[in-house]
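Below you'll find the structure, written out as structure tokens, and then a few comments.
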Amino acid sequence: MTDPKWSAAATTVSVLLPGQPVLGRALVFDLDGVLVDTLPVMKSAWQQMCSRHDLSIPFSAYAQHLGWPFGEIMSLLGLDSSPGPAQTYRSASRNASHLARPFPGISQVLRAFRRAGWPVAVVTSKSPEAAVELTGRFGWPFVTLRASGCIRRGKPAPDPLLLALVDLGVDPACAVYVGDMAVDEECAHRAGTPHIHAAWGYGHPAHPSTPTALTPYGLLTLLDPDHSPHQKDTDHEHQSLAQGGPLAVVSYECTLRRPGR
């Protein structure tokens with residue numbers, strides 16, 4: 001499949017406002033920091049890469065750009081784009097993959113949405129090989145997975161999210177993207193898809209008004225309150241919203257111009 005080419009055109013964009021439950025029809029997740037805690041894997045791989053290639057950049061500098069494709073992060077850090085460091089990082093990541101753990105509650109929440117008939121997908125900046133290996137290990141029921149390397153432009157461009165929605169056969173306004181980094185939120189915004197910030201992850205919401213789930217169980221509260229088995233989490237989620245309630249989708253028309261990236 002070729003990448004979509006964007007030109008100025010009218011599109012429907014969905015905005016989350018306090019009110020009724022979100023009218024979602026599909027759920028799309030980021031991988032690192034949302035489904036799986038891979039920070040120990042990334043830290044180990046980064047330190048091994050720096051040691052082997054005589055680099056002195058701390059992992060904290062790398063972690064500031066989580067969510068971007070690896071090559072983009074290297075450029076942002078002013079590092080050489082030669083393949084050696086990237087190959088070392090990928091190899092070290094595979095060797096340390098046993099350190100990755102699903103976040104508590106993720107498996108139960110995925111099953112709940114699948115039982116409710118929601119197709120579930122993954123959009124990640126991870127390499128396809130690493131993403132498939134990691135999700136396959138836990139036996140999660142994803143309909144499709146779009147990863148960095150399969151397409152020309154990764155996040156924060158909307159391309160991987162839009163392609164995943166094409167795979168699902170779902171309109172962007174009828175899906176919800178769950179991410180933990182600002183690039184996830186930008187990707188969703190540019191795709192015209194509602195976004196929920198995963199507060200259990202590694203980053204912060206791009207805007208104070210961004211809808212936020214404090215825990216994975218909070219997604220059941222925000223998207224389908226009747227299926228939330230955790231009243232304690234429900235109370236916390238309601239308190240975390242600026243106006244104290246679940247969310248509704250409101251659509252309006254706007255114009256998108258071709259992104260610079």
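The values are calculated or read from the model by the stated rules, or taken from the named source; none is laboratory data. If you're wondering where the values come from, they're calculated on a predicted model, not measured in any experiment. All Cβ positions, glycine included, derive from the backbone under ideal geometry; neighbour counts span all protein chains shown.
Taken together, the residues in segment 86-102 that are closer than 24 Å to L55 by Cα and out of contact with any Phe, Trp or Tyr (no Cβ under 7 Å at 6 or more places or on another chain) amount to 11. Within segment 160-218, the only residue that satisfies the criterion of being touching a Ser or Thr at 6+ places or on another chain (Cβ under 6 Å) and acidic (D, E) is D167.
Would it be correct to say that V122 is surrounded by fewer than 17 Cβ atoms within 10 Å (Cβ to Cβ), closer than 25 Å to T193 by Cα and in the same structural domain as A199 (by TED's automatic domain parsing)? It is false that V122 is surrounded by fewer than 17 Cβ atoms within 10 Å (Cβ to Cβ), closer than 25 Å to T193 by Cα and in the same structural domain as A199 (by TED's automatic domain parsing).
One residue stands out among those in segment 97-127 that are in a loop (DSSP other than H, G, I, E, B), of a type outside the set (D, E, K, R) and closer than 21 Å to G67 by Cβ: the one that is modelled with the lowest pLDDT, which is S127. Please indicate, with yes or no, whether at least one residue in segment 11-21 is closer than 27 Å to V143 by Cβ, surrounded by 20 or more Cβ atoms within 10 Å (Cβ to Cβ), within 18 Å of the chain's Cα centre (by Cα) and modelled with pLDDT under 50. Yes, there is a match, as at least one residue in segment 11-21 is closer than 27 Å to V143 by Cβ, surrounded by 20 or more Cβ atoms within 10 Å (Cβ to Cβ), within 18 Å of the chain's Cα centre (by Cα) and modelled with pLDDT under 50.
A quick yes/no check of all residues on (1) at pLDDT below 95; (2) in a loop (DSSP other than H, G, I, E, B); (3) within 13 Å of the chain's Cα centre (by Cα); (4) on the phi > 0 side of the Ramachandran plot:
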position	(1), (2), (3), (4)
C187	no, no, yes, no
T193	no, yes, yes, no
H197	no, no, yes, no
H204	yes, yes, yes, no
S209	yes, yes, no, no
D226	yes, no, no, no
D233	yes, no, no, no
H236	yes, no, no, no
G260	yes, yes, no, no
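Among the residues of this structure, G154 does not count as one that is of a type in the set (G, A, S), surrounded by fewer than 21 Cβ atoms within 10 Å (Cβ to Cβ) and not in a helix (DSSP H, G or I). If you filter segment 211-220 down to residues that are part of a helix (DSSP H, G or I) and in contact (Cβ under 8 Å) with a residue 40 or more places away in the chain, you find that the one that is surrounded by the most Cβ atoms within 10 Å (Cβ to Cβ) is L219. Any residue in segment 64-71 that is in contact (Cβ under 8 Å) with a residue 24 or more places away in the chain, surrounded by fewer than 18 Cβ atoms within 10 Å (Cβ to Cβ) and touching a strand residue (DSSP E or B) at 6+ places or on another chain (Cβ under 8 Å)? No, that holds for no residue.
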